[in-house]
Amino acid sequence: MRILWTALLAIPITLFLGSCSVISQQIRTESIPPIQFKTLFLEKDKYMGNTVILGGYILETQNLADKSLIKVLQVPLGFGEKPKSKDLSEGRFIISQKGFLDPEIYNKDRKITVAGTIAGTVLKKIDDYPQPYLKIKSREIYLWPKEAFYYPAPYYDPWFYPYPYYGYRHRHYPYYW
């Protein structure tokens, strides 16, 4: 009986956790297990051609004649493969995507998750400093929606608002004309 209940509880949990990913199931099964970015970068020859799932924040999008390049500040992925805080970054990578990607949509500081194959490294300059980037040939890209922040409206009480504002005429009721 205990085994039956365990099985009945395990099925919904497995379905729930399996459905929370933004990368398709097929590509996730083909990808290697998560590895620290520094290890992946240092041992790139060992992992060359393997599919990895990485994420981060877009730094720049550049369109060439036949492909688009997206420079990304790498950060570890959290639940649902969503990028975590920028403070946890271990480096940078470049995504190579066939076709055109609009730089107004794929703009700076947007969160992105990519599944792709490792294609080596490239050296790019940040100001005058040469910075190595891991090259990823994309198979699937997920651009996270912009996060909107809503602030609650301030509390409004016309009887206690400070003088030069809206509540003045209400405090002096018979003489507000």
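The values are calculated or read from the model by the stated rules, or taken from the named source; none is laboratory data. This structure is a prediction, so every number in the text was calculated from the model and none was measured. Neighbour counts are summed over all protein chains in view; Cβ atoms, including those assigned to glycine, are modelled from backbone coordinates with ideal geometry.
For the reader, a short list of remarks on this structure follows.
- Any hit, the range 75-90, residues being part of a strand (DSSP E or B), charged (D, E, K, R) and either surrounded by 15 or more Cβ atoms within 10 Å (Cβ to Cβ) or in contact with a helix residue (DSSP H, G or I) (Cβ under 7 Å, 6 or more places away or on another chain) (or both): no
- Which listed residue, of T113, T117, is among the hydroxyl-bearing types (S, T, Y), assigned to a strand (DSSP E or B) and under 29 Å from A148 (Cβ atoms): T113
- Unique match (being among the small types (G, A, S) and closer than 17 Å to L143 by Cα) among G91, G116: G116
- Residue that is nearest to T61 (Cα to Cα) [pool: residues in the range 110-161 that are modelled with pLDDT of 90 or more and among the charged types (D, E, K, R)]: R110
- Subset of the range 28-46 [farther than 27 Å from L101 by Cα and either assigned to a helix (DSSP H, G or I) or touching a Cys at 6+ places or on another chain (Cβ under 8 Å) (or both)]: K38, T39, L42, D45, K46
- Entry remark, the range 60-74: residues being assigned to a loop (DSSP other than H, G, I, E, B) and of a type in the set (K, R) number 0 in total.
- Every residue from the range 91-105 that is over 25 Å from Q26 (Cα atoms), surrounded by 15 or more Cβ atoms within 10 Å (Cβ to Cβ) and out of contact with any helix residue (DSSP H, G or I) (no Cβ under 6 Å at 6 or more places or on another chain): R92, P103
- Sole residue being within 21 Å of P132 (Cβ to Cβ) and small (G, A, S), chosen from S31, S85, S21, S96: S96
- Within the range 41-74, tally of residues that are under 19 Å from K124 (Cβ atoms), surrounded by 12 or more Cβ atoms within 10 Å (Cβ to Cβ) and modelled with pLDDT of 90 or more: 17
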